[in-house]
C-alpha cells in the first residue's frame, strides 16, 4: 500500500472541510530523560495510552537505542526504520505499525543521521488519509538533529534529576536542541529527594529558571530520584502528574 492511501483503510470523513479550511500538521512532542533515556519509553507509553483513551490519534516515534532501553521491549515487530520512509526508500506503512486503532508506532534510530532536507513525518501523515492529533517522540540525549524531520511545531518535555551532574546533562541537551531546531515550548519534570541545598527540588527549580529563563514550565515533581524509578510502575504512583502531562500534550 503506497501513500496517500490510508494507513488502516479508514477514510477520513472530514475531507470536504479540510479542502475548505485547510489542514494543520500535528504537533510534535519530544520527551527525553538525558540521564536515563529508558524513562522516556515508559512515560511515552503511558501518555500515549492516556491520549488513546481520550480518543486521540497518536503516532509514537521511538528513538531509544537498544543499549539504553534497560530491556524495555519493542511493542511490536519492526520491519524498517522510520528513516527509510523519510528518505523516500519505503512507503510509510512499511515503517510504522498499528498498536491500537488510534495508536501507531515507528522505530527511528537513524533519523538523526539524515543530513538533507526531506519531507517531514507530519506532512506524510497529512497525506496518509488518517488525521493524527499528536506525534510523540521518546528520545535520548544529543539526537536533536532528527526533530526537524518530524515536524515544524516542536514541544520538548524533559525529565531531569536534581543532582548537579544530572542538571548539567539536562542543560547540555537543552542547549544542543536549541542549536539544532526551533522549539515552541520547554517544560520539565524534576525527580529527586528534598534534602541538602544541592539536591533539593527547590534548588534545582531555581537553577533551571536562572539558566534557562522564566519561559520554561516546571510541570511537576517526583519524590524519587530518576535513577531509582521503576520502569514498569513509575507512573502509576503519580496519577496527578501523568494527568498534567497528558493535558500539556492536548493543549500544545
*Report yes if residue 61 is assigned to a strand (DSSP E or B), over 18 Å from residue 230 (Cα atoms) and modelled with pLDDT of 95 or more, otherwise no.*
yes
*Kindly check whether there is at least one residue in segment 27-35 that is assigned to a loop (DSSP other than H, G, I, E, B), under 26 Å from residue 225 (Cα atoms) and over 15 Å from the mean Cα position of the chain (by Cα).*
yes
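The rows are residues; the columns are (1) farther than 24 Å from residue 81 by Cα; (2) under 18 Å from the mean Cα position of the chain (by Cα).
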{"site": "139", "(1), (2)": "no, yes"}
{"site": "160", "(1), (2)": "yes, yes"}
{"site": "189", "(1), (2)": "yes, yes"}
{"site": "209", "(1), (2)": "yes, no"}
*Looking only at segment 197-205, decide whether some residue is under 21 Å from residue 51 (Cα atoms) and either modelled with pLDDT under 85 or touching a helix residue (DSSP H, G or I) at 6+ places or on another chain (Cβ under 9 Å) (or both).*
no
_Leading residue by the ranking (surrounded by the most Cβ atoms within 10 Å (Cβ to Cβ)) among those in segment 203-236 that are without any contact (Cβ under 8 Å) to a residue 12 or more places away in the chain and part of a loop (DSSP other than H, G, I, E, B)_ = 230
*Do we have residue 170 as within 21 Å of residue 228 (Cβ to Cβ), out of contact with any helix residue (DSSP H, G or I) (no Cβ under 6 Å at 6 or more places or on another chain), at pLDDT 90 or above and buried (at least 23 other Cβ atoms within 10 Å of the Cβ) here?*
no
_Filtered residue count, segment 93-111, keeping only those that are over 16 Å from residue 129 (Cα atoms) and in a strand (DSSP E or B)_ = 5
*Name, by its number, the condition in (1) crowded, with 16+ Cβ neighbours inside 10 Å; (2) within 13 Å of residue 106 (Cα to Cα); (3) free of Cβ contacts under 8 Å to residues at least 60 places away in the same chain that does not hold for residue 60.*
(3)
*Looking only at segment 122-148, which residues are more than 30 Å from residue 207 (Cβ to Cβ) and modelled with pLDDT of 95 or more?*
135
*Counting only residues that are in contact with a strand residue (DSSP E or B) (Cβ under 6 Å, 6 or more places away or on another chain) and free of Cβ contacts under 8 Å to residues at least 40 places away in the same chain, which one in segment 90-137 is farthest from residue 54 (Cα to Cα)?*
95
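Yes/no per residue for (1) over 18 Å from residue 33 (Cα atoms); (2) out of contact with any strand residue (DSSP E or B) (no Cβ under 7 Å at 6 or more places or on another chain):
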{"residue": "214", "(1), (2)": "yes, yes"}
{"residue": "233", "(1), (2)": "no, yes"}
{"residue": "239", "(1), (2)": "yes, yes"}
{"residue": "245", "(1), (2)": "no, no"}
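The values are calculated or read from the model by the stated rules, or taken from the named source; none is laboratory data. Everything numeric here is computed off the predicted structure, so don't read it as measured data. Counting neighbours? That spans all protein chains shown, and the Cβs are built from the backbone with ideal geometry, glycine included.
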